[in-house]
Every structure is written in C-alpha cells, then in structure tokens.
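The values are calculated or read from the model by the stated rules, or taken from the named source; none is laboratory data. All figures in this text were calculated on a predicted structure; none of them were measured in a lab. No Cβ is skipped: glycine too gets one built from the backbone with ideal geometry, and neighbour counts run over all protein chains shown.
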Amino acid sequence: MRTFFALIRRDVTLGIRASGGAALSAAFFALIVVLAPLGLGPDMATLKSASPGLFWIAALLATLLGLERIVQPDVEDGTLDLLRLSPLPLEFVALAKIISHWLTSGLIITILAPALAPLLNLSLDAVPVLALSLLIGTPALSAIGAAAAALGASVQRGGMVLALLALPLNIPFLIFGSTAVAQAQTNTDPTQALTLLGACSLIAVVVGSIAAATSLRLNDD
C-alpha cells in the first residue's frame with residue numbers, strides 16, 4: 001500500500017503545482033458562481049431558486065476542466081508503463097488517480113462553495129446540505145472522469161472528447177445533488193436525495209476504478 005499512498009501524494013503535488021490543476025478548477029468554479037447573478041439579474045427570488053442547480057453545474061464543469069491531467073501526463077512521460085509493471089493492481093492505480101483528482105478538485109470546490117453561497121442568495125439552512133452534497137457527490141464526478149480519461153489516454157489533447165464522454169454519466173449526480181439542496185431551501189427533508197446520491201457515488205467510484213483499469217489495459221494492448 002506504500003506505492004498507493006505515494007502515488008496519491010505525487011499526483012496531488014503535481015495537481016497543485018500544475019497550471020491547469022487545482023487553482024484553475026477552483027477559479028473556474030468561483031467564476032461561474034460570481035458571473036451567474038449578472039446573467040440572471042438582480043431578482044433575489046430567481047437567484048435563490050436557481051442556486052442549487054447553478055452550484056452543481058459549476059462543480060460539474062470545474063471537475064471536467066482537469067480530466068486531461070489525470071492520465072495523459074503519465075502516458076507521455078512513461079510513468080504509466082512503470083505503474084503497469086509495479087505490483088500495485090491497476091484498479092488501485094485508478095483509485096489513487098480518482099482520490100488525487102478529488103483532493104485537488106472536488107474537495108476544494110466543497111470547501112469553497114459555502115463561502116460563495118451568499119452570492120446566489122442560498123438560504124442559510126441549505127448551506128450545510130450544499131457542502132454535504134458536494135462532499136458526497138464530487139468523488140463520483142472524479143471517478144467517472146478518471147474512467148473517461150483512461151479510455152481516451154491515447155488521444156492527444158483530447159480534453160473536449162473526455163468531457164463529452166463523462167458529461168452524460170454525471171447527470172444523475174447533478175439531479176440528486178441539486179434536488180437535495182433545493183429541498184433544504186424549502187424546509188423539506190433532503191435525506192432521501194442525499195442517500196441516493198451517496199449510493200450512486202459509491203457505485204461510481206467502484207465501477208469507475210474498474211473501468212479505468214480495464215481501459216488502461218486495453219490501451220496497453
């Protein structure tokens with residue numbers, strides 16, 4: 001397991017240092033939230049009703065922004081070939097990639113979202129649910145993104161292709177996450193939506209790790 005944690009530490013360090021890494025994802029997320037009121041107008045009721053979906057759309061797009069850096073750099077510098085020869089199974093390599101991407105994307109977005117909540121007039125009761133929904137759901141976005149990145153590992157500069165592959169699969173998480181936040185705003189119990197989100201997220205992480213590992217093996221062949 002030492003290799004597993006070393007891989008996570010390496011990828012997190014590269015994600016923080018890279019120009020298209022953690023800082024860019026966080027800035028892109030914040031930019032969408034800041035610009036949304038300018039497009040929707042000054043009506044506070046409109047902002048409040050649209051805020052759950054806007055936060056989740058911003059999180060989804062910010063996560064898609066960094067998909068290319070999950071696998072492609074390792075393909076280009078030969079690191080992936082060394083990982084294939086290591087005793088660490090490719091499923092755990094893929095899981096390490098998912099965790100690293102989440103730590104430099106989803107976790108930062110989860111921390112940042114409550115601070116930006118007043119910009120979209122999100123009610124105070126819904127702020128903890130927003131943070132919890134992002135904490136539960138963003139690992140799934142990273143998992144699906146990692147599977148898409150592994151599938152398109154042989155495509156040079158295929159960021160748009162990866163986004164198109166991952167986007168449709170992320171729709172259930174967008175629905176459950178925004179529904180939970182919207183229910184919290186209307187003083188409705190969001191437990192069911194959060195439970196479905198958590199279950200789907202857990203399945204996505206497991207299936208995403210297996211799918212990513214399978215894609216890496218196919219690319220090797």
For this session: Go through (1) surrounded by fewer than 24 Cβ atoms within 10 Å (Cβ to Cβ); (2) modelled with pLDDT under 95; (3) under 20 Å from Phe28 (Cα atoms) one by one and return the number of the condition Gln185 breaks.
Result: (3)
Exercise. Within the stretch 36-50, is even one residue polar (S, T, N, Q), within 25 Å of Val129 (Cα to Cα) and in contact with a Ser or Thr (Cβ under 6 Å, 6 or more places away or on another chain)?
Worked result: no
For this session: Might you check whether a residue that is in contact (Cβ under 8 Å) with a residue 40 or more places away in the chain, assigned to a helix (DSSP H, G or I), touching a Leu at 6+ places or on another chain (Cβ under 6 Å) and over 20 Å from Phe55 (Cα atoms) occurs anywhere in the stretch 150-159?
Result: yes
Exercise. When the stretch 140-154 is examined, which residues are found to be surrounded by 23 or more Cβ atoms within 10 Å (Cβ to Cβ) and not small (Gly, Ala, Ser)?
Worked result: Leu141, Ile144
For this session: Look through the stretch 120-132, keep the residues that are part of a helix (DSSP H, G or I) and in contact with a Phe, Trp or Tyr (Cβ under 8 Å, 6 or more places away or on another chain), and return whichever of them is nearest to Thr191 (Cα to Cα).
Result: Leu130
Exercise. Quick one: what pairs do we get from the stretch 127-148, first residue farther than 12 Å from Ala59 by Cα, second of a type in the set (Lys, Arg), C-beta under 6 Å, 6+ apart or different chains?
Worked result: Ala146/Lys97
Problem set entry | Residue check, Ala22 at pLDDT below 90 and buried (at least 20 other Cβ atoms within 10 Å of the Cβ) | yes
Exercise. Any chance the stretch 150-164 includes a residue that's within 15 Å of Ala30 (Cβ to Cβ) and over 12 Å from the mean Cα position of the chain (by Cα)?
Worked result: no
Exercise. Being closer than 24 Å to Pro128 by Cβ, touching a helix residue (DSSP H, G or I) at 6+ places or on another chain (Cβ under 9 Å) and part of a helix (DSSP H, G or I), is that true of even one residue in the stretch 62-73?
Worked result: yes
Exercise. Only one of (1) surrounded by fewer than 17 Cβ atoms within 10 Å (Cβ to Cβ); (2) under 24 Å from Val93 (Cβ atoms) fails for Val12. Which number is that?
Worked result: (1)
For this session: List the number of the failed condition for Phe176; all other conditions in (1) at pLDDT 90 or above; (2) of a type outside the set (A, V, I, L, M); (3) under 22 Å from Ile8 (Cα atoms) hold.
Result: (3)
Problem set entry | Sole exception among (1) free of Cβ contacts under 8 Å to residues at least 40 places away in the same chain; (2) within 11 Å of the chain's Cα centre (by Cα) for Ala59, by number | (1)
Exercise. Going by the structure shown, is Pro52 over 17 Å from Gly145 (Cα atoms), crowded, with 20+ Cβ neighbours inside 10 Å and in contact (Cβ under 8 Å) with a residue 40 or more places away in the chain?
Worked result: yes
